[in-house]
Amino acid sequence: MATIIHPAEQSEAASNTPGRFGAYGGRYVPETLMAALQELEQAYAEAQADPGYQAELASLLKDFAGRPTPLYFAKRLTESLGGAKIYLKREDLLHTGAHKINNALGQGLLARKMGKRRIIAETGAGQHGVATATVCALLGLECIVYMGEEDMRRQELNVLRMRLLGAQVRGVTSGSKTLKDAVNEALRDWVTNVRDTYYILGSALGPHPYPTMVRDFNRVIGIEMRQQILEKEGRLPTAILACVGGGSNAIGAFHQFLGDKAVRLIGVEAGGRGKALGDHAARFSGGSPGVLQGTYSYVLQDEDGQVSLTHSVSAGLDYATVGPEHAALHDCGRAEYVSADDAHVLEAVVKLARTEGILPALESAHAVAECMRIAPGMASHDILVVNLSGRGDKDMNIIARELNIQGAQGL
Amino acid sequence: MAILFQQHPGLVVYLTAGDTGLSPRLTHAAAEGADLSATRDIALAAIDAGADVIELGVPFSDPLADGPVIQRASERALARGTRLKDVLALAKELRAARPHAGLVIFSYLNPILRFGLSRFADAAADAGADGVLLTDMIVEEAGEYLAEMKRVNLAPIFLAAPTSPDERLKAIAEHSQGFVYAISRTGITGKQQSVAADAAALVERIRRWTRLPVAVGFGISNADHVTKVGEFADAAVIGSAIVELIERSTEEDAPGAVARFIKGLRQPYPVQAL
């Protein structure tokens with residue numbers, strides 16, 4: 001029988017127990033969901049071994065989503081920073097604007113295969129919601145997306161996109177009205193409608209098998225990245241950088257490189273507006289192990305185990321816990337986790353826009369900010385790969401307000 | 001640590017510890033802890049009115065198995081500074097005042113983990129609790145928890161759901177003590193019109209695996225429901241209906257209102273001794 005193991009007793013990130021990453025992960029859910037999680041685990045295992053399913057997913061990733069995404073050498077950014085050579089993995093070029101479509105396609109096909117016609121999802125920045133709404137439109141499935149009212153306000157464009165795609169967007173008013181509260185509400189819906197509903201969870205979070213399954217659907221990022229950098233440079237990068245909210249784009253980028261010990265894996269969390277609890281979403285520096293929304297991982301919480309409010313300029317990283325595999329990679333030291341604060345993130349948005357003509361999502365700009373911090377101190381033969389997980393069109397209102405752009409010549 | 005249902009059907013009453021409803025007396029979260037005297041008074045009134053077991057709910061920031069009524073009660077209790085140690089102190093007070101009442105600590109896992117599983121087990125046993133129910137703890141993950149419960153002689157109570165296949169019900173029954181809590185329907189806590197047909201079928205399936213009493217909860221909110229549950233189960237759990245009553249009552253009126261409500265749950269029907 002699995003149990004809660006004290007992290008200190010674990011040294012390896014990988015564990016042989018399904019759904020466990022070292023001490024982390026597991027399944028801490030109301031009993032009502034257990035049969036559905038076991039059914040999902042079984043169906044996912046069958047899908048992995050089903051050539052028809054795999055072929056359809058590969059075809060849609062290629063022709064519908066636009067894979068493979070380019071690995072782009074950011075020449076002007078590299079020259080401007082004057083250190084390491086910088087490449088961008090262009091997940092932002094995917095259909096719907098972020099890596100989220102990788103997972104939404106995989107799970108949407110799985111839902112259809114399982115005969116579930118009612119789809120629910122949570123969303124923070126709206127990118128997972130848009131990806132899910134898109135896949136439901138493609139496959140002819142009913143779609144309900146839970147979204148915190150604060151996030152609906154700050155990512156209004158994505159709310160409109162979801163509605164245009166035929167999804168029903170339900171505002172969540174509890175707690176801080178952000179991603180955590182949307183996940184709670186999606187889980188409440190699932191507990192209630194579990195017999196006919198499929199929950200497309202959007203990050204490598206929640207109860208087993210979600211962290212494994214969502215990672216697997218995003219592993220394609222790292223697989224392509226490895227092949228592309230070898231083609232272009234003939235060697236592996238010095239480091240890979242990715243933003244970490246729940247951590248799906250990061251784990252997708254990192255996973256293929258776990259065995260390449262010389263490649264540094266750097267996850268960038270939301271530093272928000274300060275170091276006080278409630279002002280950021282830096283779970284590794286500010287949190288401690290706990291159970292939230294079905295999984296054992298690092299959680300921002302007070303001394304009584306009550307989950308803290310979080311803050312980030314980016315809705316997608318504004319979340320109190322992190323995927324359990326990241327927790328294991330953190331504890332065993334295979335990946336490093338740092339944070340970028342709101343101000344540096346906004347600087348990174350402008351920098352990338354003006355050196356490369358690329359507008360990154362605020363989430364992805366966290367990885368760009370860390371890249372800008374470390375690249376100048378590195379040698380010209382060092383290579384940094386930034387996983388540019390999404391594009392920033394959705395964030396224009398926030399960026400304009402935060403940077404106080406007046407007319408075209410602000411800043 | 002026996003949990004006895006003295007009458008049929010037994011009544012299990014859930015209270016969110018530290019919630020004083022919408023019109024709370026202004027209290028200060030003093031250094032020695034929040035003032036839970038309102039919950040104490042309601043619990044004592046509930047026991048005296050015929051509740052066999054009190055489930056003391058530990059408020060949590062993210063009650064994902066709960067409907068709006070208990071969500072709101074949890075928010076109010078947390079806003080008043082209610083902490084796990086306060087709930088344990090209240091349990092001790094209730095045990096001293098009513099030695100024969102059943103007493104269960106009802107919580108989400110995270111506050112217990114943060115407190116320390118072993119430290120919690122000692123404190124709950126010291127307080128005189130009979131059992132513990134963790135909403136988001138399933139049998140597969142319960143190794144260390146079960147060992148701690150066994151060490152201090154507390155009853156672990158697991159939830160059984162209409163969706164649980166027989167092999168899960170078997171494990172749930174084998175690992176539960178005190179009673180088995182059967183969830184009447186798929187869904188979160190909160191009122192409903194009638195007792196779902198799911199409930200009777202579930203109780204029948206649970207009984208194949210255990211001779212423990214079976215209590216049915218979720219959506220049980222009036223005398224008709226309690227009577228219906230009494231036809232196939234040993235006890236009914238009343239949660240949201242009482243929490244909502246407390247929400248609507250003044251702090252002074254709440255104990256009396258809860259007592260009248262509980263008496264009314266059995267009133268129209270002959271009381272049978274087990």
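Output the pairs from A:Lys62/A:Lys89; A:Lys62/A:Lys100; A:Lys85/A:Lys394; A:Lys85/A:Lys351; A:Lys75/A:Lys351 with a Cα-Cα distance over 18 Å in this structure; if there are none, say none.
On the way: A:Lys62/A:Lys89 16 Å; A:Lys62/A:Lys100 15 Å; A:Lys85/A:Lys394 28 Å; A:Lys85/A:Lys351 16 Å; A:Lys75/A:Lys351 13 Å.
Among A:Lys62/A:Lys89; A:Lys62/A:Lys100; A:Lys85/A:Lys394; A:Lys85/A:Lys351; A:Lys75/A:Lys351, the Cα-Cα distance tops 18 Å for A:Lys85/A:Lys394.
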For the protein assembly as shown, what is the accessible area per residue in Å², given a 1.4 Å probe and the full set of protein chains? 35 Å²
Quick shape check on the range A:67-115: root eigenvalues a ≥ b ≥ c of the Cα gyration tensor, a/c under 1.5 is rounded, otherwise prolate if a/b tops b/c, else oblate, and it reads prolate
Going by the alpha-carbon gyration tensor, a ≥ b ≥ c the square roots of its eigenvalues, is the range B:10-265 rounded (a/c under 1.5) or, if a/c is not under 1.5, prolate (a/b greater than b/c) versus oblate? oblate
I'd like the projected area of the protein assembly as shown, averaged over all directions, using the convex hull of its alpha carbons. Report it in nm² with one decimal. 29.6 nm²
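How would you rank A:124-130, A:205-211, B:16-22, highest first, on the average number of other Cβ atoms within 10 Å across their residues? Show your work: numbers first, answer last.
Working: A:124-130: 30.3, A:205-211: 28.1, B:16-22: 26.4.
Per-residue Cβ counts within 10 Å, averaged per peptide and sorted highest first, yield A:124-130, A:205-211, B:16-22.
Could you work out the longest stretch of chain B that avoids the trypsin sites (Lys or Arg not before Pro) located in DSSP loops with at most 15 other Cβ atoms within 10 Å?
Values: sites that count: B:Arg25, B:Arg208, B:Arg211.
Longest site-free region, per DSSP loop and neighbour criteria: B:26-207.
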Where the accessible area of the protein assembly as shown is counted over protein heavy atoms with a 1.4 Å probe, how much of it, in %, is carbon and sulfur? 51 percent
So the B/A interface buries, both sides summed and with a 1.4 Å probe, an accessible area in Å² (nearest 100) of 3400 Å²
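If you average the sequence gap of Cα pairs under 8 Å that are 6 or more apart and divide by the length of the range B:10-265, what percent do you get for the contact order?
24 percent
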Sequence gap at least 6, Cα distance under 8 Å: using those rules, report the relative contact order of chain A to the nearest whole percent. 20 percent
Here the whole-number average of other chain Cβ atoms within 10 Å per Cβ of B:148-161 is 1
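Could you work out the longest stretch of chain B that avoids the GluC sites (Glu not before Pro) located in DSSP loops with at most 14 other Cβ atoms within 10 Å?
Working: sites that count: B:Glu32, B:Glu231, B:Glu252.
In chain B, the maximal stretch lacking such sites is B:33-230.
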What Cys residues in chain A are without a partner cysteine, judged by a Cβ distance under 4.7 Å? A:Cys243, A:Cys332, A:Cys371
Name the aspartates and glutamates eligible as straight-distance cross-link partners of B:Lys92: C-alpha to C-alpha under 20 Å, and not fewer than 8 places from it in the same chain. A:Asp304, B:Asp19, B:Glu32, B:Asp35, B:Asp41, B:Asp48, B:Asp52, B:Glu55, B:Asp122, B:Asp126, B:Asp130, B:Glu148
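How many Å³ per residue does the convex hull of the Cα positions in chain A occupy? Please report the intermediate quantities before stating the final value.
Details: hull volume 55.1 nm³, N = 411.
Per-residue hull volume (Cα only) is 134 Å³.
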In the range B:177-196, the residues losing 30 Å² or more of accessible area (1.4 Å probe, heavy atoms of protein chains only) relative to their chain alone are B:Thr186, B:Gly187, B:Ile188
Convex hull of the range B:67-124 built on C-alpha atoms - directionally averaged projected area, nm²: 4.7 nm²
Buried on assembly, the range A:304-347 (at least 10 Å² less accessible surface than by itself, 1.4 Å probe): A:Asp304, A:Gly305, A:Gln306, A:Val307
Would you give the gap between the C-alpha center of the range A:326-348 and the C-alpha center of the range A:75-104, rounded to a whole Å? 17 Å
Which of rounded, prolate, oblate describes the range B:1-144, given a ≥ b ≥ c as roots of the alpha-carbon gyration tensor eigenvalues and a/c under 1.5 marking rounded, otherwise prolate only if a/b is larger than b/c? rounded
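The values are calculated or read from the model by the stated rules, or taken from the named source; none is laboratory data. Note that the coordinates shown come from a computational prediction; the quantities given were computed from them, not determined experimentally. Glycine gets a Cβ as well: all are built from the backbone with ideal geometry, and neighbour counts include every protein chain shown. Side chains included, ligands, DNA and RNA excluded: accessible areas come from the protein's heavy atoms. Shrake-Rupley method; radii C 1.70, N 1.55, O 1.52, S 1.80 Å.
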